[in-house]
Every structure is written in structure tokens, then in C-alpha cells.
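The values are calculated or read from the model by the stated rules, or taken from the named source; none is laboratory data. On a predicted model such as this, the values are computed, not experimentally measured, just so you know. In this analysis, Cβ positions are derived from the backbone assuming ideal geometry, glycine residues included, and neighbour counts consider all displayed protein chains.
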Amino acid sequence: MSESRLTRSETDKMIAGVCGGLAEYLNLDPVWVRLLFVLLIFASGIGIPIYLVLWVIMPRVEAAGQPGSAVLQDNFEDLSQTVSDKMSRLSRPGTIGTVLILFGVYFLLSQLGWLNGAIFWPVVIIGAGVYMLTRREA
């Protein structure tokens, strides 16, 4: 009987492979794990800290047999590298444009009365789920 280890996925990852690794370990479709994190983010905001903690403590497949301190150091370096790569891809006009669009959508929805929670959050959750399903690679 082979023992399955909880590791970050190198083949099924969107950011760091945390959801792909959890899905592999739990024998689930990664879309469901990602959708759970999105729901946790919108429901209470706890999804982001959980994801970051798992990113730091879950080893990559190559580092699975290393001591904990080496895994933590490797994961912190990976986190730092990923954040710096993503930040370098953002341009000032693109970032400002995105922020302005988000503010505009917020103010539009508040004028329409959609921000009372009855319609807004279900639409956001459904939209996030549809986005996750359409972005999934076959």
C-alpha cells in the first residue's frame, strides 16, 4: 500500500499548485477545491490566509523528503518569486484602469440597488464559478 503525501501540484496549478495538490490528495476535481477557496474568500475572507498558509507549509513534489526548515525556505522563496513576477507584469495604466472599472461597477451596482447582498453576492459567486470552469485546461 503506497502512502499518499500532501504536496503542491506542479502540473495542475494556477498560482502555486495548492488547490491542485489538495485535489490530488483528496481525489477530487481541482475545480471543486478552487471553487471552495473562492467561496471562502467571499464568505468570510478566510480563504486567502488559508491558501497562503498552505502555500508556505505544503512542499513541492521535489522537496517532499526534505526537512521542514528546507521546505519552508523553499516555499518562501517560491512565494517571493511568484509575487515579484506577478507584480512586474502589472503596468501602471492597466492597474489604474482596472481599479477605475471596479469602482465604476461598484457605484453602478449600488445605484441599481444590487449591493444589498440579496443579488450581488450570488451573482459574484456564480460568476467566479463560471470563470473557474471556463479557465480550466482540459
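In the condition set (1) in contact with a Gly (Cβ under 7 Å, 6 or more places away or on another chain); (2) without any contact (Cβ under 8 Å) to a residue 40 or more places away in the chain; (3) of a type in the set (D, E, K, R), E10 is compliant with all but (2). Taking A63 as the residue in question, decide whether it is modelled with pLDDT under 75, of a type in the set (A, V, I, L, M, F, W, C) and farther than 19 Å from I125 by Cα. The answer is yes for A63. Against the test of being assigned by TED's automatic domain parsing to the domain that holds T82, under 24 Å from I125 (Cβ atoms) and more than 17 Å from the chain's Cα centre (by Cα), the options L26, L6, L54 yield a single qualifying residue, L26.
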